[in-house]
1. Filter the range 177-211 for residues that are part of a helix (DSSP H, G or I) and closer than 12 Å to residue 139 by Cβ; which is most open to solvent (accessible area, probe 1.4 Å)?
2. Might you let me know whether the range 99-108 holds any residue that is part of a loop (DSSP other than H, G, I, E, B), of a type in the set (A, V, I, L, M) and either open to solvent by 40 Å² or more (accessible area, probe 1.4 Å) or under 30 Å from residue 161 (Cβ atoms) (or both)?
3. Tell me which residues, restricted to the range 26-41, are in contact (Cβ under 8 Å) with a residue 40 or more places away in the chain and either farther than 17 Å from residue 121 by Cα or part of a loop (DSSP other than H, G, I, E, B) (or both).
4. Condition (residue is surrounded by fewer than 16 Cβ atoms within 10 Å (Cβ to Cβ), in a helix (DSSP H, G or I) and among the polar types (S, T, N, Q)) applied to the range 142-164: is it met by at least one residue?
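The values are calculated or read from the model by the stated rules, or taken from the named source; none is laboratory data. Everything quoted here is computed from the prediction, not taken from an experiment. With ideal geometry, Cβ positions are generated from the backbone for all residues, glycine too; neighbour counts draw on all protein chains shown. Side chains are part of the model used for accessible areas, which takes the heavy atoms of the whole protein and leaves out ligands, DNA and RNA. Shrake-Rupley method; radii C 1.70, N 1.55, O 1.52, S 1.80 Å.
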Amino acid sequence: EKANQYLIPTDSIRVCEYCLRLQECQQAVLSVESFRMLDAFYQSINYSLTSSETAQTVQTMFNMKPTTHDMETNVYFCSAVASGITALKKQSTTINKALLVQSINILVSKCEMEFTQVHTAVGNAIKRILGICIDENMIIESVAAIGSISGKKTSILTHVIHELEQVLQLRYQSTWIYVLDCLKSGLFGIIKGKDKAPLLSSIIIKLGQLN
């Protein structure tokens, strides 16, 4: 993080890629530190990458996501995902949408792990992403898409909600106590109003079927 102010953008991108390659050493401590560094990098006050460069590093991180079952590595990965996507949102809403759905999909997949620390990290990361990335324009777009003549639900937010619905599968039941709070505060707390209710109908029905 401290060195970032002395690097030109192309150097920063290269450093990110080299950090992710540390996973190839198959040493948990190196993998942990690589994602810890990325997490701090995206939140640095000296952050200087453009939106396209940020998108490049985030996509690289997604492509090189951890395959290890090490708890701490995956906890910092989840945090780095949230930091990367929210940093991108602050730079470019358009580019953010391209990676937003992918980020939720990747985070939900981490619910397969057995560690409660990872489940908590997934919930916190999703809550951060929803709280910063879902804005009023995105909600209005999604409501309009549902009410269109074609009836096709193709909005970005609809895809995000669909990915969140995957958490409600029974195989993820052990994670619900840690992850479902992100729906309460991160989704239902943002999408309010009778006119926006159709956006949540599908996920509410699934929640009602859990009993």
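1. 195
2. For the range 99-108, residues part of a loop (DSSP other than H, G, I, E, B), of a type in the set (A, V, I, L, M) and either open to solvent by 40 Å² or more (accessible area, probe 1.4 Å) or under 30 Å from residue 161 (Cβ atoms) (or both): absent.
3. 26, 28, 41
4. Scanning the range 142-164, I find no residue that is surrounded by fewer than 16 Cβ atoms within 10 Å (Cβ to Cβ), in a helix (DSSP H, G or I) and among the polar types (S, T, N, Q), so the answer is no.
Results for (1) out of contact with any Phe, Trp or Tyr (no Cβ under 8 Å at 6 or more places or on another chain); (2) open to solvent by 40 Å² or more (accessible area, probe 1.4 Å); (3) over 18 Å from residue 160 (Cα atoms), shown as yes or no for each residue.
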residue: 73; (1), (2), (3): no, no, yes
residue: 77; (1), (2), (3): no, no, yes
residue: 83; (1), (2), (3): no, no, no
residue: 89; (1), (2), (3): yes, no, no
residue: 93; (1), (2), (3): yes, yes, no
residue: 97; (1), (2), (3): yes, yes, no
residue: 111; (1), (2), (3): no, no, no
residue: 114; (1), (2), (3): yes, yes, yes
residue: 117; (1), (2), (3): yes, yes, yes
